[in-house]
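A short write-up of the structure that comes next.
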Amino acid sequence: MLEQAWHAGFDRDGCTQLGRVVNTRKWIGATEVYCILAHLGVRARIVDFHRATGANGTHPALFAWIVEYFTCGASKDSNTRFTDKHPLYLQHQGHSRTVVGVEMADEGVCVLVFDPDVPVAQTPSRFLLSHTKHARQYQIVYVDSEPNSQAQIPKVISSTRIP
């Protein structure tokens, strides 16, 4: 499907860089996920957390963005908030996770993720701020649910950089 997106004109630079991916062991990342979604007609966006913003190389700006994403517009029933937001694709060098929500705990915010490195019986797992120090930068791909059906989905990839 990625090669079909490239053939349709999405992310020509990525196509040139990766070349063929079918029947290879090449890994894909945030830009390739964007291409697949865009090719399928899903309006997606990329947010790039290009450097640590906290102590010890952690990424509190990443966590703040994720909390805002899942809590903005959510309805509240006692201690639980419900949202109709889509999961997030969280990428860092060599690994990706699917973010499905947040948990506000006494010890801080936990990001709830499905992680391919964690056995299914233990999912969703909790991703803590202290875990973010293991990677220099992160990218998120999210589905843009704001109605804008008139605008064409961009074939050239851009991202929002934070900070």
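The values are calculated or read from the model by the stated rules, or taken from the named source; none is laboratory data. Quick caveat: nothing in here was measured; it's all calculated off a predicted structure. Quick reminder, even Gly has a Cβ in these numbers, built from the backbone with ideal geometry, and neighbours come from all protein chains shown. Each accessible area value is taken on the protein alone, full model and side chains, heavy atoms only, with ligands, DNA and RNA left out. Shrake-Rupley method; radii C 1.70, N 1.55, O 1.52, S 1.80 Å.
Odds and ends about this structure:
- ALA44 under 23 Å from CYS15 (Cα atoms) and either open to solvent by less than 30 Å² (accessible area, probe 1.4 Å) or touching a residue at least 24 places away in the same chain (Cβ under 8 Å) (or both): yes
- Breaking point among (1) assigned to a strand (DSSP E or B); (2) in contact with a helix residue (DSSP H, G or I) (Cβ under 8 Å, 6 or more places away or on another chain); (3) within 30 Å of ARG12 (Cα to Cα), for VAL109: (3)
- Here SER75 meets each of (1) surrounded by fewer than 13 Cβ atoms within 10 Å (Cβ to Cβ); (2) small (Gly, Ala, Ser); (3) under 14 Å from LEU129 (Cα atoms) with one exception, condition (3).
- Selection of region 86-136 for residues being of a type in the set (Val, Ile, Thr) and more than 22 Å from ALA74 (Cα to Cα) yields VAL118, VAL120, THR123, THR132.
- Candidates are the residues of region 7-16 that are within 18 Å of SER159 (Cα to Cα) and part of a helix (DSSP H, G or I); the one that is most open to solvent (accessible area, probe 1.4 Å) is ARG12.
- For ILE28, the criteria (1) assigned to a helix (DSSP H, G or I); (2) within 15 Å of THR98 (Cα to Cα) hold in every case but one, which is (1).
- Residue match in region 117-138 (condition: more than 25 Å from ASP11 (Cβ to Cβ), open to solvent by 30 Å² or more (accessible area, probe 1.4 Å), of a type in the set (D, E, K, R) and part of a loop (DSSP other than H, G, I, E, B)): yes
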